[in-house]
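Just so you know, all these numbers are worked out from the coordinates, no wet-lab data involved. Computed from a predicted structure; not experimentally measured. Note: ideal-geometry Cβ built from the backbone for every residue, glycine included; neighbour counts use all protein chains shown.
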Amino acid sequence: MENQKNWHETHTESLSFGCRLADSVANGMGSWRFIIIQTILVILWMGLNLVGCMYHWDVYPFILLNLLFSTQAAYAAPIIMMAQNRQNERDRMQAQADYKTNIDAKLEIEALAIKLNTLEVDKLDRIISMLQEMKKEASK
C-alpha cells in the first residue's frame, strides 16, 4: 500500500523558502520568549542610556530606540500577514480534505444502507416463500 500524504504534508512541501522563513519569524515574534527578550533589551537600552557615565548613544526620549521599533513594526506586520494568509490557505485545504472525507463516508454509508436493505428484502422473500410452502403442506 502506498504511503499517501495528508493535506498538511502536501501543503508544507509546497512552501518556498521565503514562506517558511516568514512563518518562522511570525512564530518567533508571537511568542512569550520574544516578548521577554525584547523587554529585557529595552530595559537594558534605557537603563544604560539613563545612567551611563561616559557615553549616551541614545539620550532621552530614546529616538533611536523608537526608530528601531518602527523598523521592526514595518517588517513584522507584512510578515505576520503573510503567515496569516498561509494559515487561511491551510484552513481551506483542511476544510476541503474534511469535505472530501465526509462525501466519501456518505457514499459508503449509502452503499451499506442499500446492501442492508437488499439483505432484508431477500430475508423477507425467503420467509414468505417458506410460509407459503408451510401453508401448502398444511393444506394437503
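Listing for the model above:
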item	result
Alpha carbon centroid spacing (whole Å) that separates segment 107-140 from segment 42-98	74
Relative contact order (%) - criterion: Cα under 8 Å, at least six apart; region: the chain	30
At least 27 Å along the helix axis (C-alpha) and Kyte average at least 1.0, DSSP helices within the chain	32-51
At most 14 other Cβ within 10 Å, DSSP loop - chymotrypsin sites (Phe, Trp or Tyr not before Pro), segment 22-100	Y55, W57
